[in-house]
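Scroll down for the structure; my scribbles are underneath it.
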Amino acid sequence: MNDSGQPRFAARPRGLRDADPASGRVLPDPRATRLSSRRTLLGLLGASSILSACASLPPPGSIRSLPDGSPDASTGPWPDAASPAAGADPGPPGRVSEELAREVAFLALSLVDTPYRYGGNTPDSGFDCSGLIVYVFGSAAGVALPRTVAKLAWVGQPVRPAAMRTGDLMLFDTTGRFSHAGIYVGAGRFVHAPSSGGTVRLDGVRAPYWRPRFAGARRV
């Protein structure tokens, strides 16, 4: 009881919900569970960036050029870490600093499992592929990007696959030229909103479906 005669309630520990009325067991808050899972994912991604330095790269493939000189590589060499190794070609400078590019990657990763929605561009409404990119760059880096993949394909500077770093845009030819895009987050992985009925996902750039459809990378 408190001084006013009202019962005193103990503060509920963060991450817990009400007790299950059947068993009396305190249930975990699903939002806290999702946050914990994403933090674990970030930790694993960072660890894999370090370990992958020991892995061998696949043989480099042919690199074609787009009309503006952008690299168009459907095969490697592919990056394994969050940024190019010391002494390697770092690629062109971008408007977004490396620090902000990391914030872009962290925010993108935090949105994994958000529902896909055509035309969506917020966590509440869901995302399509370009809506996710526009939201992440606007929120994490304060940079306004165009809303279509066709226009994203001409943003910033072209980057060779071996020089890709976290925060770079990845472009794909799925249903047509430059029809899909995602955000590279290091360790050979990217975050994207791939299809209707799905969710924002973390996928590997070497995956059998995505690797042959890769059409180039851009640094904002």
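The values are calculated or read from the model by the stated rules, or taken from the named source; none is laboratory data. In this text, all values refer to a predicted model and were calculated from it rather than measured experimentally. Neighbour counts run over all protein chains shown; Cβ positions are idealised from the backbone, glycine included.
Structure notes:
- Scan of the range 197-213 for residues that are part of a strand (DSSP E or B) and touching a helix residue (DSSP H, G or I) at 6+ places or on another chain (Cβ under 8 Å), ordered by number: L202
- For the range 163-175, the set of residues classified as over 18 Å from P212 (Cβ atoms) and not β-branched (V, I, T) consists of A163, R165, G167, D168, L169, listed by residue number.
- Only one of the listed residues (V220, V191) is more than 14 Å from A153 (Cα to Cα), buried (at least 21 other Cβ atoms within 10 Å of the Cβ) and not basic (K, R). That residue is V191.
- Unmet requirement for V200, which otherwise passes all of (1) within 17 Å of the chain's Cα centre (by Cα); (2) surrounded by fewer than 22 Cβ atoms within 10 Å (Cβ to Cβ): (2)
- Residue under evaluation V143, criteria (1) under 17 Å from the mean Cα position of the chain (by Cα); (2) modelled with pLDDT under 95, criterion not met: (2)
- Within the range 204-220, residues that are touching a residue at least 12 places away in the same chain (Cβ under 8 Å) and closer than 12 Å to L171 by Cβ sit with their Cβ atoms under 6 Å from residues that are surrounded by 19 or more Cβ atoms within 10 Å (Cβ to Cβ) and among the polar types (S, T, N, Q), at 6+ positions apart or across chains, in these pairs: G216/S70.
- Residue match in the range 169-187 (condition: touching a Ser or Thr at 6+ places or on another chain (Cβ under 6 Å) and either β-branched (V, I, T) or without any contact (Cβ under 8 Å) to a residue 12 or more places away in the chain (or both)): yes
Each row is one residue, and each column tells you yes or no for (1) within 9 Å of R218 (Cα to Cα); (2) of a type in the set (G, A, S).
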site	(1), (2)
V136	no, no
G142	no, yes
M164	yes, no
R177	no, no
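- Here the range 150-174 is the region considered, the condition is being of a type outside the set (A, V, I, L, M, F, W, C) and under 13 Å from the mean Cα position of the chain (by Cα), and the residue that is surrounded by the fewest Cβ atoms within 10 Å (Cβ to Cβ) is R165.
- Selected residue (criterion: nearest to R165 (Cα to Cα)) from residues of the range 203-213 that are buried (at least 17 other Cβ atoms within 10 Å of the Cβ) and under 16 Å from the mean Cα position of the chain (by Cα): V205
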